[in-house]
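None of the figures in this text is laboratory data; all of them are computed from the coordinates on show. The model shown is predicted, which means the values in this text are computed figures rather than measured ones. Reconstructed Cβ throughout: ideal geometry from the backbone, glycine too, with neighbour counts over all protein chains shown.
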Amino acid sequence: MPKYIPFPAYADDVPLDLSFVYKNEKPAGRHGFLQVSGDQFVFEDGTVGRFWGTNFNGGGNFPEFDYAEKLAKRLAKIGVNIVRFHQLDAEWDTPNIYQFSKGERLSNTLSFDPESMKRLDYLIYCLKKEGIYCYLDIFTYRKFKSGDGVENALNLKDAAKPYSGFNRKMIELQKRAAYDFWTHINPYTGLAYMDDPVFVMCEVVNESNYFGFKLEVEPYVTEFRNLFAKWLEEEGIAYDAYTCDVNGKDKELVDFKVHLQSIYYTEMIDYMREIGVKIPITGTNHTVYSATCKSQTVTDFCDSHVYFYDWKWGEKETAKFCMNKAITQVPESGFRTLSLMRVFDKPFFISEWDMPWPNEFRAESPILYAAVGALQGWSGFTIHTYSYGTRLEDMNILGKEVSSATIGGVPYREGIFSAWNDPAKFGLFYHAALITRRGDVSPANKRFAIQIDDLMDMDKPAFHISSELSQIAAHYEGDTDVKLISENEVLVDEESGEVRSDTGELYRSWAKNYGTIDTDKTKCAYGFLEKNGKIELEGLEVECKTDFAVVALSSLNDKTIERSDSLLLTTVGRAVNTDAKFDGDQMLDFGKPPILIEVIEADISLKTECSTLRVWAVNAEGFYIGAVPTTYENGTLKFTLGKQFPSMYYLIQAE
């Protein structure tokens with residue numbers, strides 16, 4: 001029978017403080033403004049920008065001052081160095097950028113609430129002190145109102161997608177909001193947002209495109225047809241803009257939509273440059289067909305989102321179903337969606353990713369995503385999300401952050417994505433941050449530019465699984481010095497059941513259901529380890545007695561694992577709420593506190609030059625539980641986990 005032990009989370013702290021690893025990175029902005037150099041982010045002093053972090057959603061962006069101070073320190077301790085401010089403008093948030101509290105009717109969205117800005121300003125100040133950068137998401141869920149002068153505002157959805165990308169009134173309103181953000185002076189830093197290098201990235205609009213959102217609300221459909229007709233005339237193309245299906249896939253329509261989205265991004269970016277914004281700006285982050293990706297090529301960097309889930313989450317407690325699969329059980333894990341959005345001459349960032357609760361195998365995701373990102377040479381990740389609010393002291397179960405079954409009518413916002421208290425995801429941020437920020441995983445040796453011919457087809461064989469093999473990116477037009485291949489070329493044979501990076505550092509098998517990361521400073525075995533027996537890495541052997549687990553080991557200094565006198569070993573698999581009830585893929589009961597982790601039992605053999613290492617088990621409060629018995633012989637440290645002093649974290653340090 002599986003054995004579980006309590007491993008609660010605390011909103012004001014984490015068990016271990018690894019901020020010393022990054023002590024030279026404080027305060028954020030010390031390297032100057034972030035810039036673009038080829039396919040990398042580089043600060044003004046030449047330091048490469050690599051980021052591991054989280055989104056703050058909705059009301060989570062406006063904490064009280066004392067909470068902001070504790071929050072910034074908590075994030076820094078676990079290795080986070082970037083926060084994306086997401087859903088600032090959603091009217092269902094409390095607070096949001098336009099209204100600090102509910103009650104008085106909000107007749108327009110023409111100005112920011114002073115109290116909301118005060119809270120956001122102080123949060124930025126606290127993050128900056130702790131070496132944490134900011135990604136500003138300026139247009140996400142803004143609900144335009146008649147008081148804004150927007151026609152038929154009642155029938156427009158969040159952010160008025162997709163009409164806000166071409167309607168002049170709404171574009172001018174977006175410019176006004178951008179101006180108000182960037183010229184705002186933070187009283188706690190003394191700097192306008194545009195003059196503060198704590199800000200490193202910005203997007204024009206979150207998840208918007210002309211292919212995933214239908215054109216159906218007047219007078220905007222007619223406005224779109226008029227713009228289309230004018231473009232057709234200018235291009236000399238014979239096509240009827242007034243009788244066509246504006247939501248169809250005719251080539252003329254697809255080409256115009258790519259053009260329309262591109263000029264919208266260009267106009268907004270040019271405007272922000274005019275008012276003095278210095279940092280890299282992208283357009284959006286929604287991979288819906290290659291057509292949406294092509295329109296991104298006019299921006300400073302590319303951004304995309306990816307999720308590994310397929311659940312049906314209703315308002316009723318009994319209407320909650322989840323795709324309960326592991327990444328190690330399937331050939332494709334979502335990376336092809338990301339690679340479709342990447343081009344080789346621009347940096348690439350992933351501003352949302354997740355493998356959300358209650359998938360019992362989600363512990364695979366943080367380290368694997370970080371490792372593949374490093375292999376690809378991507379610039380980093382922010383998980384969706386840390387939390388939707390700040391009242392977390394009583395949020396002591398997984399998957400449930402609020403009292404209601406929905407927020408803004410959406411069931412999953414009740415807490416499915418809240419990662420701050422999840423041992424299986426947030427608990428592995430220590431290692432994921434080290435992989436990303438320190439560059440523990442080497443970039444791939446080979447590069448393949450994949451020629452995109454069909455803009456309305458997502459199923460391109462060349463992208464299938466190959467993100468775990470070599471560096472890949474989409475190529476649309478023009479010359480390239482990277483090897484160019486067809487979108488139909490197969491780089492990884494799915495029938496082989498496995499993929500190994502061309503560096504040899506990453507391996508994953510969907511036939512055997514496990515994977516490994518094997519580098520000088522971080523090593524990891526993940527997946528269904530028990531059935532695969534002894535997993536042998538360079539200098540590390542893991543023989544797991546628990547069916548599913550992640551076993552990760554990282555050096556906590558500049559030395560390799562074999563030479564290091566300070567290491568962190570993390571073992572985690574399933575994390576659940578006490579008395580949670582499931583029936584296959586259906587959740588019947590959230591359960592109650594405390595949060596539990598399954599004890600991982602494993603025999604560890606570690607090659608080390610340090611003969612005085614002790615293995616200290618660390619509990620959720622950061623106390624030493626006890627020293628795990630070890631033997632040292634012929635340069636090898638051996639010990640068994642899970643029997644004495646079971647935990648999730650083990651500090652391995654010399655006396």
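Data for the structure
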quantity	calculated
Computed over the stretch 374-480: relative contact order in percent, which uses C-alpha pairs under 8 Å that are six or more apart	30
Least to most buried among Cys134, Cys244 (fewest other Cβ within 10 Å first)	Cys244, Cys134
Note, ³J(HN,Hα) from phi for the stretch 582-589, Karplus 6.51, -1.76, 1.60, rounded to Hz, x at Gly and Pro	10, 10, x, 8, 9, 8, 9, 8
With Cα atoms, 0 to 90° folded angle of helix 220-235 axis to the chain main axis	80
Cα-derived Rg over Rh, computed across the stretch 371-502 with Rh taken as Kirkwood radius	1.10
The chain: angle of helix 65-78 to the longest principal axis, Cα-based, in degrees nearest 10	60
Percentage relative contact order, the stretch 1-149, counting C-alpha pairs under 8 Å, at least six apart	28
Mean ellipticity per residue at 222 nm, deg cm²/dmol - from DSSP H runs of n ≥ 4 across the chain, formula -39500 (n - 2.57)	-6000 deg cm²/dmol
Contact order normalised by residue count of the stretch 134-205, Cα under 8 Å, 6+ apart, percent	43
Estimated FRET transfer efficiency (Glu218, Asp457; beta-carbon r; R0 22 Å; 0.05)	0.10
Cβ-based net charge around Ser295, under 11 Å, with every Lys or Arg adding one and every Asp or Glu removing one	+1
Amide proton proximity set for Ile407, modelled H, under 5 Å, gap of 5+	Arg413, Glu414
Helix axis angle, 429-438 relative to the chain longest principal axis, alpha carbon, degrees	70
Fraction of antiparallel bridges per DSSP, the stretch 246-392 only, in percent to nearest 5	20
Derived scalar couplings ³J(HN,Hα) [the stretch 181-196; Karplus, 6.51 cos²θ - 1.76 cosθ + 1.60; whole Hz; x for Gly, Pro]	5, 6, 8, 5, 9, 7, x, 8, 9, x, 10, 5, 3, 6, 9, 10
Links that overshoot a 29 Å alpha carbon limit, given the list Lys70/Lys400; Lys129/Lys592; Lys531/Lys638	Lys129/Lys592
Using θ = phi - 60° and Karplus 6.51 cos²θ - 1.76 cosθ + 1.60, couplings along the stretch 524-533 (whole Hz; Gly, Pro as x)	8, 10, 9, x, 8, 7, 4, 5, 9, x
Difference of contour (0.36 nm per residue) and Cα-Cα distance, Lys545 to Lys325	77.1 nm
Within the chain, percent of DSSP bridges classed antiparallel, to nearest 5	70
Nonlocal amide H pairs with Tyr133, under 5 Å, H built at 1.01 Å	Ile82, Val83
Label-point gap, in nm, between Ser404 and Leu227 - each point 7 angstrom along Cα→Cβ	3.3
Alpha-carbon gyration tensor eigenvalues x 5, square-rooted, for the chain, Å	41, 28, 24
Set of lysines with alpha-carbon distance to Lys175 below 25 Å, sequence-local pairs under 8 removed	Lys118, Lys143, Lys145, Lys157, Lys161, Lys214, Lys230, Lys257, Lys278, Lys294, Lys346
Paramagnetic label zone (point 7 Å from Cα along Cα-to-C-beta, Gln644; backbone N under 11 Å) in the stretch 601-628	615, 626-628
Span from the the stretch 264-286 Cα centroid across to the the stretch 415-458 one, whole angstrom	25
Euclidean distance between Cα centres, the stretch 153-230 to the stretch 1-59, Å	28
Of the trypsin sites (Lys or Arg not before Pro) in the stretch 517-602, those whose Cβ has at most 14 other Cβ within 10 Å and which sit in DSSP loop	Arg563
Length released on extending from Leu106 to Val490, taking residue separation times 0.36 nm less the Cα-Cα span	132.8 nm
Tail weight of P(r) past 27 Å, computed on alpha-carbon pairs of the stretch 464-592, percent	42
Ascending count of other beta-carbon atoms within 10 Å, so fewest first, for Asp589, Asp93, Asp66	Asp66, Asp589, Asp93
Fewest-first sequence of Ile97, Ile275 by Cβ atoms within 10 Å of each Cβ	Ile275, Ile97
